[in-house]
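The values are calculated or read from the model by the stated rules, or taken from the named source; none is laboratory data. Source: prediction; values computed, not measured. Note that we place each Cβ from the backbone using ideal geometry, even for glycine, and neighbour counts take in every protein chain shown.
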């Protein structure tokens, strides 16, 4: 249960083509993350799968059956919305029970499923409260609970963590990952945050302007990005891109090197520059190095305790085997 | 900001408005109470002294008292039912994207700007007239006998006229409420397998409950004292005599100010009873 196939899907709003023909297969039990900058069509793609938008052309297959013109409720998918979309006038219990009530499930089975979902999500004490009396994280869990009780063949998450504060986001990230391990249900997760994508996904789909730039496991994308866009999008801080003479030396239009693959060296190293802003995170330090003659700024990751401050001259040695090379169309060489 | 000084300054500056409003309300109330205990017949001897509760007893024992109370309540309930049900439906209709939305919305609001007297006259003479009215022509076009609306179904006619005036108000408030409904909630319920009617019943209607409460409470206040529509149509005949119309007749047609004032006090009591019930039934929606 839970294999989703998109075949030559397109979507246009009026004359604007949001999603050009697109093929994608999401395997059973996979945690797939759609990631991309805002406006790249990732939410639209999720809504097409959910059935909340109609496809302009193409076929959506769920478990081998054509679901292109099936009503959202008939697709066996459950969705968690960005705003949680809880029903404000219903208690938590009624919110969770709503899809079962609509399906006409008998009361005993409803109670059983509510109890087990509430236990799994730590909501047992809040079942008789209304959404307005809950914190953001609790509301998030109610929304997930409402999705779980339907026992769907796949879960769809539309930027579910973007309304939470940073600490809670890390916690919920873990909870969703654990939920996936436990349920082993297909999950499709939309986010613009590459950290969420890297930490949670089995498979990442990087989108830009409705096109799939690359599909692969997090480490595949990190190690072998197919083009400059993916290379820049995956990894934090961003990869450094260097064009011109230095790139020409490597027979490329442009070369890219991640901040963590540049070592701080002593005098006589390949590159040097002046430290501008330095960000001390404790475990790591990020230097923004200027006046290297390579690019405006080169970002470098160093140990937390390195004794270099703003204004110092710094010598850098890139790890040669970690350099990515791109041609003038931005594709990896 | 809220220092001792600024608070007393605020009190002084608000005083004129408060005193004016208080006087506006208290003086008529006091005069009503004062006259209700007197035998006061302006054209037949003027002030004839105190009579205790005689006016009150006479007003209730009159054969037109209970019919007037029930007519009042019938109009209030009828208009409330029609305007809230049609108001919800119209609000949903106007919320749909359509061509000429702006103009349609303005047209829907328009009846609210027509004065009650004018609208009642227009309905009476242009629509409901059994000889020349538009409705009479419509009936004749289909080969039916024209209905003499105001004599055959007087109560229904008045409820129709008043509903026509108040429907825009209900629609306007409900439309703004419906527009504030989060579309993700509707989508979530769609994903949860709720068909259209269930979405309306479980999502849209609860969302509208607060706006409906406001509509019902405000309309009740105005509908309890409805007068002009009856004055220019049936003149209180055919069982359409409301409490306020009865008071009008006692004071101006029978020239008995004392009796009318006692009726006014009853009207206040009735309004309070209705308000109490309404607050019990719908008022809890305002809490959350």
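A single member of A:262, A:188, A:234, A:204 is over 19 Å from the mean Cα position of the chain (by Cα) and buried (at least 21 other Cβ atoms within 10 Å of the Cβ), and it is A:262.
Of the numbered criteria (1) more than 8 Å from chain B (Cβ to nearest Cβ); (2) surrounded by 14 or more Cβ atoms within 10 Å (Cβ to Cβ); (3) part of a helix (DSSP H, G or I), the one residue A:108 fails is (2). How many residues are closer than 30 Å to residue A:305 by Cβ and without any contact (Cβ under 8 Å) to a residue 40 or more places away in the chain when one looks only at segment A:246-278? Matching residues across segment A:246-278 total 4.
Condition check ((1) over 30 Å from residue B:176 (Cβ atoms); (2) at pLDDT below 85; (3) under 17 Å from the mean Cα position of the chain (by Cα)) across all residues:
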| site | (1), (2), (3) |
| --- | --- |
| B:199 | no, no, no |
| B:203 | no, no, no |
| B:219 | no, no, yes |
| B:228 | no, yes, yes |
| B:275 | no, yes, yes |
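Evaluate the following for residue A:125: is it assigned to a helix (DSSP H, G or I), within 22 Å of residue B:194 (Cβ to Cβ), out of contact with any helix residue (DSSP H, G or I) (no Cβ under 8 Å at 6 or more places or on another chain) and away from chain B (no Cβ under 14 Å)? No. Which of the residues that make up segment B:34-61 are out of contact with any helix residue (DSSP H, G or I) (no Cβ under 7 Å at 6 or more places or on another chain) and within 21 Å of residue B:274 (Cβ to Cβ)? Within segment B:34-61, just B:60 meets the criteria. Out of B:162, B:118, B:153, B:108, one residue alone is surrounded by 15 or more Cβ atoms within 10 Å (Cβ to Cβ) and without any contact (Cβ under 8 Å) to a residue 12 or more places away in the chain. It is B:153.
Here is the figure for segment B:146-160: residues that are modelled with pLDDT of 80 or more and more than 16 Å from residue B:237 (Cα to Cα) total 1.
Answer yes or no as to whether residue A:302 is under 30 Å from residue A:226 (Cβ atoms), under 27 Å from the mean Cα position of the chain (by Cα) and surrounded by 14 or more Cβ atoms within 10 Å (Cβ to Cβ). Yes. Residue count for segment A:150-159 satisfying the condition of being part of a loop (DSSP other than H, G, I, E, B) and within 12 Å of another protein chain (Cβ to nearest Cβ): 3.
A quick yes/no check of all residues on (1) crowded, with 17+ Cβ neighbours inside 10 Å; (2) modelled with pLDDT under 85; (3) more than 8 Å from every other protein chain (Cβ to nearest Cβ); (4) over 25 Å from the mean Cα position of the chain (by Cα):
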{"position": "A:52", "(1), (2), (3), (4)": "yes, no, no, no"}
{"position": "A:55", "(1), (2), (3), (4)": "yes, no, yes, no"}
{"position": "A:59", "(1), (2), (3), (4)": "no, no, yes, no"}
{"position": "A:66", "(1), (2), (3), (4)": "no, no, yes, yes"}
{"position": "A:80", "(1), (2), (3), (4)": "yes, no, yes, no"}
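Residue check: residue A:294 meets all listed conditions (1) at pLDDT 90 or above; (2) assigned to a loop (DSSP other than H, G, I, E, B) but one, namely (1). Residue A:103: within 14 Å of another protein chain (Cβ to nearest Cβ), within 14 Å of residue A:149 (Cβ to Cβ), in contact (Cβ under 8 Å) with a residue 12 or more places away in the chain and more than 28 Å from the chain's Cα centre (by Cα), yes or no? When the stated conditions are applied, residue A:103 passes them. The set of residues in segment A:37-50 being surrounded by 17 or more Cβ atoms within 10 Å (Cβ to Cβ) and at positive phi consists of A:41 alone. When residue A:72 is tested against the conditions (1) touching a helix residue (DSSP H, G or I) at 6+ places or on another chain (Cβ under 6 Å); (2) surrounded by fewer than 16 Cβ atoms within 10 Å (Cβ to Cβ); (3) without any contact (Cβ under 8 Å) to a residue 24 or more places away in the chain, the lone failure is (2). Considering only segment A:128-141, I want to know if a residue exists there that is within 14 Å of chain B (Cβ to nearest Cβ) and within 19 Å of residue A:43 (Cβ to Cβ). Scanning segment A:128-141 turns up at least one residue that is within 14 Å of chain B (Cβ to nearest Cβ) and within 19 Å of residue A:43 (Cβ to Cβ). Scanning segment A:82-99 for residues that are over 11 Å from residue B:192 (Cβ atoms), assigned to a helix (DSSP H, G or I) and more than 10 Å from chain B (Cβ to nearest Cβ) yields A:92, A:93. Return a yes/no flag: does segment A:160-181 have any residue that is within 19 Å of residue A:32 (Cα to Cα) and within 14 Å of another protein chain (Cβ to nearest Cβ). Yes, there is a match, as at least one residue in segment A:160-181 is within 19 Å of residue A:32 (Cα to Cα) and within 14 Å of another protein chain (Cβ to nearest Cβ).
Kindly establish whether residue B:235 is at positive phi, in contact with a strand residue (DSSP E or B) (Cβ under 7 Å, 6 or more places away or on another chain) and either modelled with pLDDT under 85 or more than 14 Å from chain A (Cβ to nearest Cβ) (or both). No; evaluated as a whole, the condition is false for this residue. Of the helices (runs of 4 or more DSSP H) lying entirely inside segment B:122-227, the ones with 2 or more residues being away from chain A (no Cβ under 14 Å) and touching a helix residue (DSSP H, G or I) at 6+ places or on another chain (Cβ under 6 Å) are found at B:134-141, B:149-152, B:154-179, B:205-223.
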